[in-house]
Amino acid sequence: MNASLEECFFNSNTFSFELKEEVRRTLAFNNGCEYCIAKGKPSNEVTDIKTLIAIKIADLISKNQFIEDEYFNILKKEFKDNEISELLAFICFITASQRFGALLNLQGTCSM
């Protein structure tokens, strides 16, 4: 297998495309990556409980260095251990990618 980590995350069937995209969008605005922000704001119409929890956890992680026990308990009620690990790894990977994009001042539009 010769896939990038990004491809592994986005091709994984553990979570829906919608969950991953809403997490990515939430993180984009918190991490200040203009390239990612240009792809759109997070939806205000999410009703899936797992997606709502994932968004909340992504928001917390992007603003703090840790997750308090009460939020881990919420995660454990809706997600299996392997899903929690993959979600947290996905959030960390996207955060690192977006902060790198912000550092390089990547823009969402071509200046040509």
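Numbers for the structure displayed
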| item | result |
| --- | --- |
| ³J(HN,Hα), Karplus 6.51/-1.76/1.60, whole Hz, each residue of region 62-70, x for Gly, Pro | 6, 10, 9, 9, 8, 10, 6, 3, 4 |
| Residue-averaged 222 nm ellipticity for the chain, from DSSP H runs of 4+ at -39500 (n - 2.57), nearest 500 | -20500 deg cm²/dmol |
| Pair Ile74, Leu52: separation of 7 Å Cα→Cβ label points (nm) | 1.0 |
| Normalised contact order of the chain, rounded percent, pairs of Cα under 8 Å and 6 or more residues apart | 39 |
| Answer label, with Cα Rg over 2.2 N^0.38 Å calculated from the coordinates and candidates (1) 1.22; (2) 1.08; (3) 1.55 | (2) |
| GluC sites (Glu not before Pro) restricted to DSSP loop in region 16-83 with at most 12 other C-beta within 10 Å | Glu45, Glu68 |
| Taking Arg24, Arg99 and counting other C-beta atoms within 10 Å, the order from fewest to most | Arg99, Arg24 |
| Cross-link table Lys41/Lys76; Lys39/Lys77; Lys20/Lys63; Lys39/Lys76, entries beyond 23 Å C-alpha to C-alpha | Lys41/Lys76; Lys39/Lys77; Lys39/Lys76 |
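Computed from the coordinates by the stated procedures, all read-outs in this text should not be read as laboratory data. On a predicted model such as this, the values are computed, not experimentally measured, just so you know. Glycine gets a Cβ as well: all are built from the backbone with ideal geometry, and neighbour counts include every protein chain shown.
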